[in-house]
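The values are calculated or read from the model by the stated rules, or taken from the named source; none is laboratory data. The model shown is predicted, which means the values in this text are computed figures rather than measured ones. Here Cβ is always computed from backbone atoms with ideal geometry, including for glycine, and neighbour counts include all displayed protein chains.
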Amino acid sequence: MSGLSEFLHMGGYAFYVWTSYGIALVVLLATALSPIRQRRKLLSGIARSVRRNRAQ
Amino acid sequence: MITRYFHQLASPPYFYRIAGRFIPWLAVAFALFTLAGLYTGLVLAPPDYQQGDSYRIMFIHVPAAWMSLFVYMVMAGAGSMGLIWRMKLAEVVAISSAPIGASFTFLALITGSIWGKPMWGTWWVWDARLTSELILLFLYLGVIALHNAIDDKRTAARATAILALVGVVNIPIIHYSVEWWNTLHQGPTVTKFDKPSIDVRMLIPLLLMAVAFKLYYATVVLMRSRCEILERERNTQWVKELVES
């Protein structure tokens, strides 16, 4: 077996190990992206209301 | 001098600016520690003599479980500072911590479950450690739900702080559950007072990942706090100036 496929095989525990690391990646990524998206939405929302108030 | 610094730091516009400056550096440090932790943990560390390669789940599972407790203590601590001194910034940090703590708790539970299947032969048992950690997840979700249910931010902050403080009772229960009750979950191998019973080649990636998760929390809690500040201060002059620049 080559080095890489042996590494991916994880001594027969590939499913358990890679599922764990995959879920960790997804959960941590989602948790970090949500404030990025929220901040963008907040800033554009506040900018819109400032412009609206000025127009009146 | 120090108290003046605290007052300055606690002022929302100043904190917003300083946090924004720290976030990229913390994120870079997180990435470096994660890469080092993954390389040492998945490539360099030898297989365990009993569990083979399955034990490598530990490098996610254990730091996530540590963080689930650490973030809760930060949330409860900041929440009580908000209760006692009415510090707005403490309220912001407390509520911003909740979703991150929930994510870590969820990760600890799910990776534990995936690790339990090949080692214990079951995805889940209702033992003391697992059950008290599940209660921790419900406490986090309860804090988030309660905060969302109350419109006034300051009232919401006080209510969630009280809920978080009541839930602190669960923290020592989680920590000592493996000693107080006869459980399937193994006892601690690192956080005990005598020498850790873990190979140093496994200990190093574990500690690297623990630091990485701390840095992750620091990064994301600052990002969330900035959003929370913007929302609370949306009608103030400095926020209006900020969006126009």
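Right, B:MET202: of a type outside the set (Phe, Trp, Tyr), within 14 Å of another protein chain (Cβ to nearest Cβ) and part of a helix (DSSP H, G or I) or not? For B:MET202, the condition - of a type outside the set (Phe, Trp, Tyr), within 14 Å of another protein chain (Cβ to nearest Cβ) and part of a helix (DSSP H, G or I) - is not met. Only residues that are surrounded by fewer than 24 Cβ atoms within 10 Å (Cβ to Cβ) and either without any contact (Cβ under 8 Å) to a residue 24 or more places away in the chain or among the acidic types (Asp, Glu) (or both) were counted across the range B:91-115, and they come to 2.
Filtering the range B:54-62 for residues that are crowded, with 21+ Cβ neighbours inside 10 Å, assigned to a helix (DSSP H, G or I) and without any contact (Cβ under 8 Å) to a residue 24 or more places away in the chain leaves a non-empty set. At least 1 residues being polar (S, T, N, Q) and within 14 Å of another protein chain (Cβ to nearest Cβ) is the threshold, and among the helices (runs of 4 or more DSSP H) wholly inside the range B:70-180 those reaching it are B:88-120, B:128-149. Inclusion of B:TRP124 among residues that are surrounded by fewer than 19 Cβ atoms within 10 Å (Cβ to Cβ) and within 21 Å of A:THR19 (Cα to Cα) is warranted.
Each residue in the range B:63-73 was checked for being buried (at least 18 other Cβ atoms within 10 Å of the Cβ) and closer than 16 Å to B:VAL221 by Cα, and 7 of them qualify.
Reported count of residues in chain A, each being of a type in the set (Ser, Thr, Tyr), more than 10 Å from chain B (Cβ to nearest Cβ) and surrounded by 10 or more Cβ atoms within 10 Å (Cβ to Cβ), is 0.
Among all positions in the range B:29-40, there is no residue which is within 12 Å of another protein chain (Cβ to nearest Cβ), over 27 Å from B:ARG232 (Cα atoms) and not in a helix (DSSP H, G or I). Would you be able to say whether some residue in the range B:78-87 is touching a Gly at 6+ places or on another chain (Cβ under 6 Å) and buried (at least 20 other Cβ atoms within 10 Å of the Cβ)? Checking the range B:78-87: not a single residue is touching a Gly at 6+ places or on another chain (Cβ under 6 Å) and buried (at least 20 other Cβ atoms within 10 Å of the Cβ).
Per-residue answers, yes or no, for (1) within 20 Å of B:PHE22 (Cβ to Cβ); (2) surrounded by 15 or more Cβ atoms within 10 Å (Cβ to Cβ); (3) modelled with pLDDT under 95:
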| position | (1), (2), (3) |
| --- | --- |
| B:LEU146 | no, yes, no |
| B:LEU163 | no, yes, no |
| B:VAL178 | no, yes, yes |
| B:GLN186 | no, no, yes |
| B:ALA212 | yes, yes, no |
| B:LEU215 | yes, yes, no |
| B:ASN235 | no, no, yes |
